[in-house]
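Each reported figure results from applying straightforward, stated rules to the coordinates on display, with no laboratory input. Fair warning: this is a prediction, and the values are worked out from it, not measured in the lab. When we count neighbours, we look across all protein chains shown, and the Cβ atoms used for this are built from the backbone with ideal geometry, even at glycine.
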Amino acid sequence: MGDPTIERVATVVIGAGHAGLAASRFLTERSIDHVVVERGEVANSWRRERWDSLRLLTPNWLCRLPGQHYAGPDPDGYLTMGEVIDFIERFAILSGAPVRTGTNVSSVRRTDDGYRVTTSRGEIHARTVVIASGACNRPALPPVHDAVPASVEQVTPFDYRAPEKLPDGGVLVVGASATGVQLAAELQRSGRPVTLSVGEHVRLPRTYRGRDVLWWMDASGVWDQRYDEVDDLVRARRLPSPQLVGTPERATLDLNALTAMGVNLVGRFAAVRDGRALFSGGLRNVFALADLKMQRLLDTFDAAVEGEAGLPERPAPTRVPESTRLQLDLRSGEIRSIVWATGFRPDYTWLDVPVLDAKGRLDHEGGLVASPGLYVLGLPVLRRRKSTFIHGIEDDAREVIDHLAGHLASRQ
Amino acid sequence: MTTVENGVNVQALLDARNVLKDAPEAAQFTWRASSKWQHGVHSTTRIQQFFGLGAEQTHKTEAVFDADHPEVFAAEDNGITPIEYLLVGLASCLTAGVASVAQNRGIQLRSVESVVEGQHDIRGILGVDGDVRNGFNDIKVTFNIDADASKQEIEALVAQSQKRSAVFDALTNPTNVTVEVA
């Protein structure tokens, strides 16, 4: 069937990050013939699309992939990017993943019996395809960035490496997820006065009752909550990353910590008018929402260990600044650069299968894309709340590859 | 949940949310007010028609609002000042939100009262000082809620009502306003 010169495999996995490699491992276990195509190198995004100081948010003891776990001397520490790359590379080698690096996918199309994958190194026919190209392929910029005066330098977390690369002077960091709070802190420490624009966010203490807060996410069962048990799945999948940083001191990096460092908090970036940035006056309520959600989560943790030693703790409420600025003149020179920490989106421009919804999101049910034989891994709350964390891929990948194997068997 | 009765038809709202998810054009509403100058700074504004769900709609009855300035502004005080109408909008919007969220969360309300205070430096509108803005400097809403719920649950009701409030959004975020002469 078809062109005999075209390579044929049972499965093409797109992306050799931890998700694609975990898929490959389960495919190998089932002797399903497959290739993993990778535009760059193994763990490419970790190599090229992260800033210098970034460490993993999950403690080392939680770093595990199928058949591999952290075995170093510092279980409570957090891997640097170099260490994450080593960890994933080792996994690729130990599991013998058939990775083809430097192979960029430009198109995936349906055929009568599967998919035609067009790459920079030729075409492959696959009966099934696993999309593991990641959830954070491009920074998401709000349209308002177009209206920022040209005198202000604008960067995304993809361009940002270290404070020294930005001009001296004030920085406006937009977004208070993990990325935003981490960059705000290091820019403020570099001597650049930081204004942080805060919308809805997820507040978490780094440690709770003496343990890493992610120990509690694990032990309380919150992380194992399945996608079909979550009340509002659309919302859960859009949740910003929690305000966490991995540091040797296990420091909490919430808004109170940033205020104490001298970071100036303002509301959500709403508009630019006559060269002035306008911020929402609803800052108090985004504090209240984040504090209340954190309290509820800590209540859940407490309930999970009821009767055990140690008392519940509650971090202080987010302090509301005495007065918050509602506008900032972007032409005055006070702000020399803007860092847009406003989230990331996957890139599906190469996917020529009609499986995207009106908002450009992949239509899938627990990783089973709405086109037979097409699967996805590594998206937020794909099958569980832990889906996008490194240790969260094992259960998802096993179940998705189970389904894929069933699909192949039913069409032999 | 069946025993909770705050008088909000939450099921209808949830149904509407589902329907409008796939019909964004039906979700486009236009609210209209028609105003007429009376005398001095007194005006009368009438509201009855609006557009929504793809068609012209009509309130059961026409509502008439008189606005004026108080006697301390050397006016006749035929109605509340225009900026006080913003307080009416904010209080009623947040209160509606509290009732709806409570119904949806199965919380029985017994009473919901609020006081809204807007701080206003009138040197702005009088042109005394160009650095003083015309509108409110600060708005404070204080809720007093009696309900079958913990303090934390009540705080969450109030927070969620702000999150979904049209008037809270209109007051806290900039909006493009076009004023033309026909």
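So what are the radius of gyration and Dmax for the Cα set of the stretch B:81-174, in Å?
Expressed in Å, the Cα Rg and Dmax of the stretch B:81-174 come to 15.7, 51.
Past 22 Å, Cα to Cα, is the threshold; run A:Lys293/B:Lys151; B:Lys21/B:Lys163; B:Lys36/B:Lys140; B:Lys21/B:Lys151; A:Lys165/A:Lys386; A:Lys293/A:Lys386 against it and keep the listed order. Present the calculation step by step, with values, prior to reporting the outcome.
Values: A:Lys293/B:Lys151 14 Å; B:Lys21/B:Lys163 19 Å; B:Lys36/B:Lys140 31 Å; B:Lys21/B:Lys151 33 Å; A:Lys165/A:Lys386 34 Å; A:Lys293/A:Lys386 18 Å.
Correct reply: B:Lys36/B:Lys140; B:Lys21/B:Lys151; A:Lys165/A:Lys386.
Using a Förster distance of 56 angstrom, determine the FRET efficiency expected from the C-beta separation of A:Glu249 and A:Asp357, and round it to 0.05. Can you show the working numbers first?
On the way: r = 43 Å, r/R0 = 0.76.
After rounding to 0.05, the efficiency reads 0.85.
Debye sum, Cα scatterers, the stretch A:204-265, no solvent: what log₁₀ I/I(0) at q = 0.14, 0.15 1/Å?
Rounded to two decimals, the profile gives -0.55, -0.62.
Exposure proxy check: A:Ile338, A:Ile393, A:Ile85 ranked by fewest other beta carbons within 10 Å? Intermediate results must be reported in sequence, preceding the final value.
Working: A:Ile338 24, A:Ile393 28, A:Ile85 18.
Final ranking by Cβ density, sparse to dense: A:Ile85, A:Ile338, A:Ile393.
Relative contact order for chain B: what is it in percent, counting Cα pairs under 8 Å that are at least 6 residues apart? Please list the in-between numbers first.
Details: 258 pairs, mean separation 31.5, N = 182.
Computed over chain B, the figure is 17 percent.
What size of dipole, in debye to the nearest 20, comes out for chain A about its Cα centre when the only charges are +1 on Lys and Arg C-beta atoms and -1 on Asp and Glu C-beta atoms?
Details: 50 positive and 52 negative charges, 139 e Å.
Dipole about the Cα centre, nearest 20: 660 debye.
Which percent of Cα-Cα pairs in chain A sits in each 10 Å bin, short to long?
Percent of pairs per bin, in order: 4, 21, 29, 25, 15, 5, 1, 0.
With unit charges on the beta carbons (Lys and Arg positive, Asp and Glu negative) and the dipole taken about the Cα centre of the stretch B:102-160, which residue among B:Val132, B:Leu109, B:Val158 sits farthest to the positive side?
B:Leu109
Collect residues whose amide H, placed 1.01 Å from N in the peptide plane, falls under 5 Å from the amide H of A:Gly267; neighbours closer than 5 in sequence don't count.
Excluding prolines and chain starts, which carry no amide H, the hits are A:Val198, A:Ser280.
When chain A is modelled as a GNM with alpha-carbon springs shorter than 10 Å, which of A:Ala23, A:Ala150, A:Ala185 fluctuates the most?
Fluctuation is largest for A:Ala150.
Place a point 7 Å from Cα of B:Ser92 in the direction of its Cβ. Which residues in the stretch B:43-58 have their backbone N less than 20 Å from it?
Hits in the stretch B:43-58 for B:Ser92 at 20 Å: B:43-53, B:57-58.
Return the equivalent ellipsoid semi-axes of the stretch B:28-80 as a descending list in whole Å, where each equals the square root of 5 times an eigenvalue of the C-alpha gyration tensor.
On the way: eigenvalues 178, 16, 13 Å².
Output for the stretch B:28-80: semi-axes of 30, 9, 8 Å.
Report the calculated FRET efficiency for A:Ala260 and A:Thr349 (r = Cβ-Cβ distance, R0 = 41 Å), to the nearest 0.05.
Working: r = 43 Å, r/R0 = 1.05.
Plugging the Cβ-Cβ distance into 1/(1 + (r/R0)^6) gives 0.45.
Computed over the Cα atoms of the stretch A:140-340, what is the convex hull's projected area averaged over all directions, in nm²? The partial results should precede the final answer.
Values: hull surface 49.3 nm².
One quarter of the hull surface, i.e. the mean projection, equals 12.3 nm².
Give a quick list of GluC sites (Glu not before Pro) in the stretch B:1-107 that DSSP marks as loop, anything other than H, G, I, E or B, with at most 10 other Cβ atoms within 10 Å. Show your work: numbers first, answer last.
Details: sites: B:Glu5, B:Glu25, B:Glu56, B:Glu62, B:Glu71, B:Glu76, B:Glu84; in loops: B:Glu5, B:Glu76.
Qualifying residues, ordered by number: B:Glu5.
Find how much the distance from A:Asp112 to A:Asp299 grows on full extension, using 0.36 nm per residue of separation minus their present alpha carbon separation; answer in nm with one decimal.
Numbers: separation 187, 0.36 × 187 = 67.32 nm, distance 5.24 nm.
Net length gain for the segment: 62.1 nm.
In Å³ and rounded to a whole number, note down the convex hull volume per residue for the Cα atoms of the stretch A:1-147. Write down the numbers at each step before the final one.
Numbers: hull volume 20.6 nm³, N = 147.
Dividing the Cα hull volume of the stretch A:1-147 by its residues yields 140 Å³.
In which sequence would B:Ser100, A:Ser410, B:Ser114, B:Ser34 go, from the one with the fewest C-beta neighbours within 10 Å to the one with the most?
Numbers: B:Ser100 19, A:Ser410 8, B:Ser114 16, B:Ser34 11.
In increasing order of surrounding Cβ atoms, one gets A:Ser410, B:Ser34, B:Ser114, B:Ser100.
Quick check on the exposure proxy: order A:Ser337, A:Ser107, A:Ser280 from fewest to most C-beta atoms within 10 angstrom.
On the way: A:Ser337 20, A:Ser107 15, A:Ser280 24.
Taking fewest neighbouring Cβ atoms as first place, the list is A:Ser107, A:Ser337, A:Ser280.
Counting only residues 5 or more places away or on other chains, whose amide H sits under 5 Å from the amide H of B:Val132 once H atoms are built in the peptide plane?
Correct list: empty.
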